[in-house]
Amino acid sequence: MRSLVAVVLLAISLLLPSLAPSALAAKGRQKTLVIVDWRGPWTAKEQIKLFDALAIGFDGAGLDRVESQISGFVLDDRFKGCITREACHFEYARATGASYVFVVLMVKLGKSTRVAMTLYNIPLLAQSAVAVQKGKGLVAAIGASRRLIGTMLDRERKMPRGALEIASTPVGDALFVDGHAAGATPVNLMLYAGPHLVRIERKGAAPHVAHVTVVNDKTVRYEARFEKTIVPITTDGK
């Protein structure tokens, strides 16, 4: 009996070093929120197979779904009424701690199938990539579902980006970049290179709006200055 226990302990000790790296890798995996829109006469069995294909694709890309890695996707009831809107995608992702959102359109028309994906990077406040793959039959749709995930992530990671530092005096003004809430000033953001619409709101003043261009691999600094003050109208006319 003692010899058997010793063999088991030896086997565990040999396995632990090989298991440690994978455990560390799993701990650092980013989360993704998946929103699937079905168009056409997909059967329940076909949908389950495509769900599984997506799950395999995300796992292979090093991403964990917000939902558990099983067949099907469950949307949070709080967001079902607005999930078709882009702003809601960002709110939902932030509520679940997701770094990415994949909006997947599955189209079936006769024997033809089409898988279209739109990728959003939540920390960078932007739509990152769009890809479409056409084919015939369920097998083609399954292959497209797996491949497009890696293709889009590779495309997103190659996109040029830079830093944007936004300040205002006094601090604490609400900041929106390209229509998405980005915290309160001062803020240091990483964004895709190119023009961005910045809106800074302060109570009692007209919103400060500006177009700022982010430069690849550089830091752009911008300070908002509020010059026009709105005087509140009192009920007694004074």
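The values are calculated or read from the model by the stated rules, or taken from the named source; none is laboratory data. Being a predicted model, the structure only gives us computed values, none of them experimental. Using ideal geometry, Cβ is built from the backbone for each residue, glycine included, and neighbour counts are taken over all protein chains shown.
Quick notes
- Tabulated pairs, the stretch 72-88, first in the same structural domain as Ile56 (by TED's automatic domain parsing), second among the hydroxyl-bearing types (Ser, Thr, Tyr) and surrounded by 13 or more Cβ atoms within 10 Å (Cβ to Cβ), C-beta under 9 angstrom, 6+ apart or interchain: Leu75/Tyr92; Asp76/Tyr92; Asp76/Thr96; Arg78/Tyr92; Phe79/Tyr92; Cys82/Tyr92; Ile83/Tyr92; Glu86/Tyr120
- Taking the stretch 101-184 as the region of interest, the strands (runs of 3 or more DSSP E) fully inside it that hold 2 or more residues being more than 22 Å from the chain's Cα centre (by Cα) and closer than 30 Å to Ile200 by Cβ are 161-168.
- Residues of the stretch 160-178 that are in contact with a strand residue (DSSP E or B) (Cβ under 6 Å, 6 or more places away or on another chain) and of a type outside the set (Gly, Ala, Ser): Arg161, Leu164, Glu165, Ile166, Asp173, Leu175, Phe176, Val177, Asp178.
- Extreme residue, nearest to Leu119 (Cα to Cα), among residues of the stretch 185-205 that are at pLDDT below 95 and part of a loop (DSSP other than H, G, I, E, B): Arg202
- Any hit, the stretch 199-215, residues being free of Cβ contacts under 8 Å to residues at least 12 places away in the same chain, surrounded by fewer than 17 Cβ atoms within 10 Å (Cβ to Cβ) and more than 25 Å from Lys31 (Cα to Cα): yes
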